[in-house]
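Here's the structure we're looking at; comments come further down.
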Amino acid sequence: MLEIIVLPLLTMVTCKETRAAIIALHKNGFTGKDIVATKIAPKSTIYRFIKNFKERGSILVKKVSGRPRKNSKRQDRLLKRIQLRDRSATNAELAQEWQQAGVSASARTVRRRLLEDGLVSRRAAKKPLLSKKNIRDRLIFCRKYSEWTAEDWGKVIFSDEAPFRLFGASGKRLVRRRKGERYHQSCVMPTVKHPDTIHVWGCFSSKGVGSLTILPKNTAMNKEWYQNTLQQQLLPTTQQQFGEEQCIFQHDGAPCHKAKVITKWLGDQIVELLGFLKQPDLCERICGICDQRSKPELF
């Protein structure tokens, strides 16, 4: 008489292992009723496994073909080339262009094919536009100072100014909300068309930071304000940090920085200048971080 092994429900195994165990019992002479008594799987599942084994002679599950693909691998590669030519094209636009090449597919199909190739839709990163002159100037700057050591850069005092909004945030704010709370008072960011703004000038070097100059509300930096700022803030800072030691001053290519009166004033003060770049530099990155962390009450 065959011995029936009853397995507790807590020892239920995976589908693949269950199928193998059922077929093994069937081969050893157990009837379907005997196997059902082991409670290894539901009755219908046990009889289905045995029937499939008798028909195919294997415990492997027949692969279901599913809906056939509407396009070939070659057509998939064509779609990829079309997308790489224009990264900003939408799925609908790609589907239309793909259709012109003889492939009838929906925008959803296009999206799935691109996902298979690892082409995921993401927000484009923002980067300053560089003209040929910008690129040339940057190469000249890098080659000129490529041999500088940390000690050389330690003699440079960097400066810049940045605007700060007194109302609202200049960037984005993330909030956690439930469905239907998009316009709840605690989930919105109030805005105004022309928020009050203040401009702040600052400088720093490897020896420390200098004092901040805060311009009057809604006042932009011009050559008069800039000369006054250099006189009141830059000179005392260089004296405090470097004493009689020679230092190098850096500022960007803003119009007020290149004014003739500023150039003459710096020459009269015997201030050595570091070449400047027109595009955002390290100082502006630091100002951006400060803008994100600052609160209007501080000003």
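Each reported figure results from applying straightforward, stated rules to the coordinates on display, with no laboratory input. Please read all numbers here as calculations on a predicted model, not as lab measurements. FYI the Cβ positions are ideal-geometry reconstructions off the backbone, even for glycines, and counts take in every protein chain you see.
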* To do: Return the whole-Å distance between the Cα centroid of the range 125-172 and the Cα centroid of the range 176-212.
  => 22 Å
* Label-point separation, K39 to K260 (7 Å along Cα→Cβ), nm -> 10.0 nm
* **Residues with amide H under 5 Å from that of H251, placed H, sequence gap 5 or more** => L274
* **Using θ = phi - 60° and Karplus 6.51 cos²θ - 1.76 cosθ + 1.60, couplings along the range 95-107 (whole Hz; Gly, Pro as x)** => 4, 5, 5, 5, 5, 5, 8, x, 10, 9, 8, 8, 5
* With θ set to phi - 60°, apply the Karplus curve 6.51 cos²θ - 1.76 cosθ + 1.60 along the range 231-241 and write out the HN-Hα couplings as whole Hz, x wherever there is a Gly or Pro. => 5, 8, 10, 5, 4, x, 5, 5, 5, 6, 8
* Relative packing of 122-133, 149-160, which averages over residues the other C-beta atoms within 10 Å, highest first -> 149-160, 122-133
* To do: Excluding residues fewer than 8 places away in the same chain, name every one of the aspartates and glutamates whose C-alpha is closer than 20 Å to that of K207.
  => E151, D152, D160, E161, E244, E245, E272, D281, E284
* Asked: Setting aside same-chain residues fewer than 8 positions from K80, which aspartates and glutamates have a Cα under 19 Å from its Cα?
  -> E93, E97, E116, D117
